[in-house]
Amino acid sequence: RPTDRATAELRTCVLFTAGDTEVLVERAASSSSRTNLLVESVQLPPLQLVTDRPRCVGEGAIERFAVAVPLRHPIAIARSLLRVSAVSAIMAASTAAATLITRPVAAVVYVSEGRNSKLIAALMELARDTAATAPPPAEAAPHGARLVTWFSDEHYNRCSFVIAGSGPSVAHTAVALASSALEQIDLSSHSSSHPRIGVVDHISIAPLADEGGVHLEEAAATALSVGEGLSGMGGVGLPVLLYGAAHPEGRTLAQTRRLTSYFTKDGCSGDTAVEPTAIDLGPKEVDPSRGVCCCGAVALVLNYNIRLATTDKKVAAAAAKAVRTRSGGPPFVEALALEHKSGNYEVACNLLSPAQTPPSLVLEMVEEDYTIGFTATEVLQQLRDEGLIR
């Protein structure tokens, strides 16, 4: 969990093989900008629990847990960071071997607020407390959830929270978090260079134990539960657009967003427009202070943003187009060119299948085809590094 906006830490983990070999992996990463903690573009296989109980170090902190990792795979951490954190959180949520969660899911809740640090902290605490105390489902089944991590971006005025655990507990926590955000944030007064269509812009549910397999059913059921909770919330309800396995026709998130103002100029103005027939749950009319929410179930998506040292929107748009699947780029990539700090742009990517199109390939395509040369800032910094100027 990031300790503040500028620093993120990954706790020490002990990874076990199925045999007697014990491998210690220690990583600590810090960043002064928005960074995905990508050590290498190497994918670990799906983690398989080989212990019946978590071993906890400190209150609520999982620093050691057991997973089975074939030795032929490099012990490297890339996209598996989220899955590793989620697995450890799920183990903490289960109090005994007989109550271990067998079909865990993760919810990523995106909220249109990245500048009000007190509000973000309050939402984080609410999510943490609600997840830890989520009531059991009606049927007797292993349950529990944890707030795994959170992230905020001041320039994009956007934050996200990752909640992992059993489907019912995750849904309960996600709805509580969304409800609190909707009570405190007014979309009509929101400003950002990142498109959005709601206070709670997007909630994605992903299976953790078997990505894209039979456990996607659990993610779909959780997404529908979240959607129904949002659509009937507070007696008013929020319009909800379903996607992925939660939608009858399996439409994608990008297809769903094209039914709204997300990809138009209004997407960055906060003026939400949506085709009434696209709304699956809740009221057909949109409250401009609340907007709508896209809620769906898909395999875990990797958000991968590439900073460009240019303020030229055309250059950034060309780079985004080169790696976007819909525009002829590699498969399983959604990409937008968005203005970020100091007016510079970045290529914001959703990698729908990092195993088939890894971050390294996307970065290579941008670097090879759209090199823009040194900027004055970079030249001056090199002179500072050489001690020639202050």
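The number of residues in the range 163-175 that are closer than 15 Å to C295 by Cβ and touching a Leu at 6+ places or on another chain (Cβ under 7 Å) comes to 2.
Cβ contacts < 6 Å: first residue closer than 20 Å to C294 by Cβ, restricted to the range 182-210; second residue of a type in the set (D, E, K, R) and part of a strand (DSSP E or B), any location; separation 6+ or different chain. Result? Going by the 6 Å Cβ cut-off, the qualifying pairs are S193/E339; H194/R158.
For beta carbons closer than 6 Å, sequence separation of 6+ or different chains, a first residue in the range 249-270 that is under 16 Å from E334 (Cα atoms) and a second that is crowded, with 16+ Cβ neighbours inside 10 Å and modelled with pLDDT of 95 or more, the qualifying pairs are R251/Y243; L253/Y243; T256/L241; T256/Y243; T256/C294.
Evaluate the following for S152: is it in contact with a Phe, Trp or Tyr (Cβ under 7 Å, 6 or more places away or on another chain) and closer than 30 Å to S342 by Cα? Talk me through it step by step, then tell me what you get.
Details: in contact with a Phe, Trp or Tyr (Cβ under 7 Å, 6 or more places away or on another chain): no; closer than 30 Å to S342 by Cα: yes.
Taking the combined requirement at face value, the residue does not satisfy it.
Scanning the range 183-201 for residues that are closer than 17 Å to S231 by Cβ and either assigned to a loop (DSSP other than H, G, I, E, B) or touching a Gly at 6+ places or on another chain (Cβ under 7 Å) (or both) yields a total of 3.
Screening the candidates E367, E346, E378 for the property of being surrounded by 12 or more Cβ atoms within 10 Å (Cβ to Cβ) and not basic (K, R) yields one hit, E346. The set of residues in the range 247-287 that are outside any loop (DSSP other than H, G, I, E, B), more than 23 Å from A297 (Cβ to Cβ) and hydrophobic (A, V, I, L, M, F, W, C) contains only C268. Of everything in the range 303-334, what is open to solvent by 10 Å² or more (accessible area, probe 1.4 Å), hydrophobic (A, V, I, L, M, F, W, C) and in contact with a Ser or Thr (Cβ under 9 Å, 6 or more places away or on another chain)? Give them in sequence order. A309, F332, listed by residue number. Among the residues of the range 156-181, how many are more than 30 Å from N344 (Cα to Cα) and in contact (Cβ under 8 Å) with a residue 60 or more places away in the chain? So the count comes out to 11. Do we find that A322 is within 26 Å of V199 (Cβ to Cβ) and among the small types (G, A, S) in this structure? For A322, the condition - within 26 Å of V199 (Cβ to Cβ) and among the small types (G, A, S) - is not met.
Return the only residue of G291, G270 being under 30 Å from I185 (Cα atoms) and either modelled with pLDDT of 90 or more or over 23 Å from the mean Cα position of the chain (by Cα) (or both).
Working: G270 fails: either modelled with pLDDT of 90 or more or over 23 Å from the mean Cα position of the chain (by Cα) (or both).
Answer to the check: G291.
Could you please find all residues in the range 105-133 being more than 15 Å from the chain's Cα centre (by Cα), among the small types (G, A, S) and more than 24 Å from E218 (Cβ to Cβ)? S117, A121, A122, listed by residue number.
The values are calculated or read from the model by the stated rules, or taken from the named source; none is laboratory data. None of the values given here were measured: they were computed from a predicted structure. So basically every Cβ, Gly included, is an ideal-geometry build from the backbone, and we count neighbours across all protein chains shown. Heavy atoms of the whole protein, side chains included, go into the accessibility calculation; ligands, DNA and RNA do not. Shrake-Rupley method; radii C 1.70, N 1.55, O 1.52, S 1.80 Å.
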